[in-house]
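*Asks:* Just dropping this structure here.
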Amino acid sequence: MVQAVLFEIEDNVAVLTIKSPPVNALSHAVRSGIVDGLDRALGDDDVKAVVLIGGGRTFPAGADIREFGHPVQDPWLPEVCNRLEMASKPVVAAVHGTALGGGFEVVLAAHYRIADKDARFGLPEVTLGILPGAGGTQRAPRLAGAKFALDMMLTGRPVPVTAPGAKVFFDAVVDGDLRKEAVAFAQNLISEGKGPRRTRDQRIGFEDPHAYQNEVTNRYRMVARQQEYAPEQIIRCVEAAALLPFDQGLAFERSSFQDCLETSQSAALRHAFFAERRAGKFPELKTGQARELNTIGVIGAGGLAASVAVICLQEGWHVVAATTTVRAAEHAASEISKLLGGAVMRKHMTQTEADEALARFTTASDLVALSEADMILDCTIRPPSAKRDVFTQLDAIAKEGAVLVDAGAHSKVNLLAQATGAPGDVVALHLYAPLRVSKVAEIVLGGNTSEDTVATVISFLRKLDKFPVRAKNEQIGPRILAAYRLAADYIVEAGGTPYLVDQAMRGFGMNLGPYQALDYEGFEASLSAQGSACRASHQPDFVGRLQAAGRNGARSGKGFYLYEGKPASVQQDPEVIELIRAYREENGIDPRGFSEDAIRYRCLAAMANEGARLLREGVARRPSDIDTVMIHAFGFPRWQGGPMKAADNAGLLHMKVELERFAREEPKFWTPDRIFDHLAKNGKVFDDLNTQ
Ligand code: T1G
């Protein structure tokens, strides 16, 4: 077994350095290495203290999530923590990078703790649908009190070691050679005759566990919107920490951890974690070389162009914004100034940074100004033919090797590539709104897009801290969304109401139901999206009906809902029900009822079926890529893992049977794609297809 923990002795101090890149996850090899190193140190009379430190970029960032769902090999992490805490010689944890989850639990089990000033720590287990299972729920409150500990565990957010309230965890925060500082700290302990200081012996930082209950319950309610189980168990474990002897509290935690681990929600959240990281593994990266990006060209004067320009300025690039008229160029310049001013007001940047960014920005009313740009993003929404003309112009203007990106919606990337003499430099990019918030972006490759072009756009997205997802020839998200909305429309046409569909899908965990989302998007925008991404022969035209009745969505005060007052209240509207009733009457449809479960199954089956089509067509490379897009771009509940994972959890064959039932019940609407047969017959579930 590769030695995962290096053992050294330096002046009576044993130094255990964990070496298991990339994040020193506490795999079986690391856990065994720590225990072996500790035993060696305790058995050596010359050793008077122990330092535990992470090699490479970080102290352990948690248990090895890849081991979950497989039999755990001894020593378990709780055992490792107990061995550290019960050691007869003082153990010092030296923290840098991000000590997270089990990594921080190891820190809590040490007797003393020092940290690099830039280090962060946290207990993010709830983001994986579990809870700290190696003593974190029992030791953290003993050092920091229940509220701080619960805040860490219920939000899962990392905490800088210099944050208010963090100092209770650390004996020193250092700026310099951490290893050297840690050995010196250990030697001081020896010279001062200080022995082990066990966290389990500390008194918990609060008296009555219910004194903070309201605060915690409110926080729990906020987090619980995301999932039902782990947050509640975390609260119970912290109460156990207050009310039970340490070992009983530990046992309660262990049992609660196992319960959480076995939930489908935890499996789905772990799937989402790896899906996001897997998505970025483009085959083109094996050979593609990212080109240097110094100047970014942005075409357009609208909101997207301005947001892209600002985000590029904030990342330090030079930006040239080109529009077609002087007036548009002036408008672009004022928009950029406004957005930068807003960033300063919100303290996202200092005034100096904003001024420096503005100094890197120029506008022009002629595309020729883009001739020195290393990458040009066309952020305009135009018909394909007009887009093609722009790319023909860019082909003549842009410098050799400049990457030409269509950042508009519903790109025809192959059409644009054919309009240039360097199709390899052409790619489409779907940046989901809101740009600053959405963590995902689709890179849509054309048939000729080169590896270097792909690598360049991925490096661009990494700098914007976005998960890149690979799509071929067309986008993934709009196709899945169109299928979802069509399924909803079929349900409403057959007898459901938009309000029941929204209620059912919110109950499934969507941030918004499909109809309220349509209202907020505005009918114009959603009509063009639905039209280009939906392949069905029969598309009920409720939006058209509502538009004809003067309803255009939330901004117009009326969509599928009524929006009145400030802030706008959202009301159901009998007029909408009447419009739909009339529509059914004209089409001779006898309405029938739908349960919320039936609605959820239909919508999920429709999304997964469209996902299966995208896989077969080669638009999407992996089912988990589809999940990553839907979670980050369309608010699909993360704890359901995405439509493909959720379909696996519901059972692919069950989904297939549902689709075929729909087709029997509403032959006019449902034409179940045979793709499910392909997957079902092969016995492969979507998750198995993620191995690529
Ligand atoms: N286990 C296994 N692999 C991990 C991992 C982990 N805990 N954390 C990261 N990786 C892999 C990741 O898949 C990627 O692999 C590579 O490391 C770089 O990660 C008992 C049960 C630490 C902030 O939730 O938040 O402890 O793609 O791309 O952006 O109570 O990784 O290169 O093959 O994310 O610099 C709790 C999860 C676990 C922390 C670094 N810990 N990790 O971010 O790099 S549960 C976590 C992160 C637990 C105990 C419980 C981030 C990071 P590959 P990356 P990054």
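*Asks:* Starting at the first residue of the stretch 632-644, write each ³J(HN,Hα) from the Karplus equation 6.51 cos²θ - 1.76 cosθ + 1.60 with θ = phi - 60°, in whole Hz, x for Gly and Pro.
*Replies:* 3J(HN,Hα) across the stretch 632-644, in whole Hz: 8, 9, 10, x, 5, x, 4, 7, 9, x, x, x, 6.
*Asks:* So how strong a dipole does the stretch 268-389 carry about its Cα centre when Lys and Arg Cβ are +1 and Asp and Glu Cβ are -1, to the nearest 20 debye?
*Replies:* Here the size comes out at about 680 debye.
*Asks:* Size of the dipole of the chain about the Cα centre, Lys and Arg at +1 and Asp and Glu at -1 on the beta carbon, nothing else charged, in debye to 20?
*Replies:* 340
*Asks:* As a quick test, which of the pairs 19/194; 439/566; 439/472; 338/566; 399/466 have an alpha carbon distance above 23 angstrom in this structure?
*Replies:* Among 19/194; 439/566; 439/472; 338/566; 399/466, the Cα-Cα distance tops 23 Å for 19/194; 439/566; 338/566; 399/466.
*Asks:* If you don't mind, another one. Pick out, from 100, 159, 141, the residue whose Cα sits farthest towards the positive end of the charge dipole of the stretch 93-187, with +1 on the Cβ of Lys and Arg and -1 on the Cβ of Asp and Glu.
*Replies:* 141
*Asks:* How tilted is helix 230-243 with respect to the longest principal axis of the chain? Cα atoms for both, answer in degrees (0 to 90, nearest 10).
*Replies:* Computed tilt is about 20 degrees.
*Asks:* Moving to a separate point now. Using +1 at the C-beta of Lys and Arg and -1 at the C-beta of Asp and Glu, which of 183, 598, 345 has the Cα lying farthest in the positive direction of the dipole of the chain?
*Replies:* Working it through, the farthest residue towards the positive pole turns out to be 598.
*Asks:* Related question: Peptides 479-486, 277-284, 467-474: what's the order by average Cβ count within 10 Å, highest mean first?
*Replies:* For the peptides 479-486, 277-284, 467-474, the packing ranking is 479-486, 467-474, 277-284.
*Asks:* Still on this structure: Send over the Kirkwood Rh of the chain, from the inverse of the averaged 1/r over different Cα pairs, rounded to one decimal Å.
*Replies:* Mean inverse Cα-Cα distance, inverted, gives 28.0 Å.
*Asks:* I'd like the FRET efficiency for residue 584 and residue 511, computed as 1/(1 + (r/R0)^6) with the beta carbon distance as r and R0 of 45 Å, rounded to 0.05.
*Replies:* After rounding to 0.05, the efficiency reads 0.95.
*Asks:* Can you put 463, 412 in order of Cβ neighbours within 10 angstrom, beginning with the fewest?
*Replies:* 463, 412
*Asks:* Count charges around residue 53 for me, please; just the other residues with Cβ under 14 Å from its Cβ, Lys/Arg as +1, Asp/Glu as -1.
*Replies:* In short, 0.
*Asks:* Relative contact order of the stretch 283-474, please, whole-number percent, based on alpha carbon pairs below 8 angstrom and at least 6 residues apart.
*Replies:* Dividing the mean separation by the residue count of the stretch 283-474 yields 24 percent.
*Asks:* Please figure out what share of the DSSP beta bridges in the chain is antiparallel and state it in percent, rounded to the nearest 5.
*Replies:* Close to 30 percent.
*Asks:* Excluding residues on the same chain fewer than 8 positions from residue 558, give the aspartates and glutamates whose Cα lies under 18 Å from its Cα.
*Replies:* Correct list for residue 558: 502, 519, 521, 524, 541, 573, 575, 578.
*Asks:* May I ask what percent, to the nearest 5, of DSSP beta bridges between residues of the stretch 283-474 are antiparallel?
*Replies:* 15
*Asks:* Of the options 121, 287, 410, report the single residue whose Cα projects farthest towards the positive end of the charge dipole of the chain (beta-carbon charges: Lys, Arg +1; Asp, Glu -1).
*Replies:* Of the candidates, 410 comes out farthest on the positive side.
*Asks:* Now for a separate question. Treat every Asp and Glu Cβ in the stretch 327-442 as -1 and every Lys and Arg Cβ as +1, leave all other atoms uncharged, and give the resulting dipole magnitude about the Cα centre to the nearest 20 debye.
*Replies:* Its charge dipole is roughly 520 debye.
*Asks:* Could I ask something else about it? Kirkwood hydrodynamic radius, computed over distinct alpha-carbon pairs, for the stretch 238-369: how many Å, to one decimal?
*Replies:* 19.2
*Asks:* Could you work out how far apart the two model spin labels at residue 286 and residue 548 are, taking each label as a point 7 Å from the Cα in the direction of the beta carbon, and quote it in nm?
*Replies:* The modelled label-to-label distance comes out at 5.5 nm.
*Asks:* A further question on this structure: At 222 nm, what helix-only mean residue ellipticity would the chain give, in deg cm²/dmol to the nearest 500, using -39500 (n - 2.57) for each DSSP H run of four or more?
*Replies:* -15000 deg cm²/dmol, from helical runs alone.
*Asks:* Where does each of 296-309, 261-274 land if you order them by average Cβ count within 10 Å, highest first?
*Replies:* So the order, starting with the most tightly packed, is 296-309, 261-274.
*Asks:* Right, another one. Just the number, please: Stokes-Einstein D of the stretch 283-474 in µm²/s, Kirkwood Rh from C-alpha pairs, 37 °C, 0.692 mPa s.
*Replies:* Value of D from the Cα-based Kirkwood radius: 200 µm²/s.
*Asks:* When the Karplus curve 6.51 cos²θ - 1.76 cosθ + 1.60 is applied with θ = phi - 60°, which whole-Hz ³J(HN,Hα) does each residue of the stretch 46-56 get, with x for Gly and Pro?
*Replies:* Whole-Hz 3J(HN,Hα) from phi for the stretch 46-56: 6, 8, 10, 7, 10, 10, 10, 9, x, x, x.
*Asks:* State whether the stretch 20-61 is rounded, prolate or oblate according to the following rule on the C-alpha gyration tensor (a ≥ b ≥ c being the square roots of its eigenvalues): a/c under 1.5 gives rounded; otherwise a/b larger than b/c gives prolate, and the remaining case gives oblate.
*Replies:* oblate
*Asks:* While we're here: With θ set to phi - 60° and the Karplus curve 6.51 cos²θ - 1.76 cosθ + 1.60, what are the ³J(HN,Hα) couplings of the stretch 403-411 in order, to the nearest whole Hz, using x for Gly and Pro?
*Replies:* 8, 9, 10, 8, 9, x, 7, 6, 5
*Asks:* Taking amide H atoms as placed 1.01 Å from N in the peptide plane, list the residues 5 or more away in sequence, or in a different chain, whose amide H sits under 5 Å from that of residue 375.
*Replies:* 295, 297, 403
*Asks:* I would also like to ask the following. Tally Lys/Arg at +1 and Asp/Glu at -1 over every other residue whose Cβ is under 10 Å from the Cβ of residue 27; what's the total?
*Replies:* 0
Laboratory data are not the source of any read-out in this text; all were calculated from the coordinates shown. Treat the numbers as computed from the prediction; the structure is a model and nothing was measured. Neighbour counts are summed over all protein chains in view; Cβ atoms, including those assigned to glycine, are modelled from backbone coordinates with ideal geometry.
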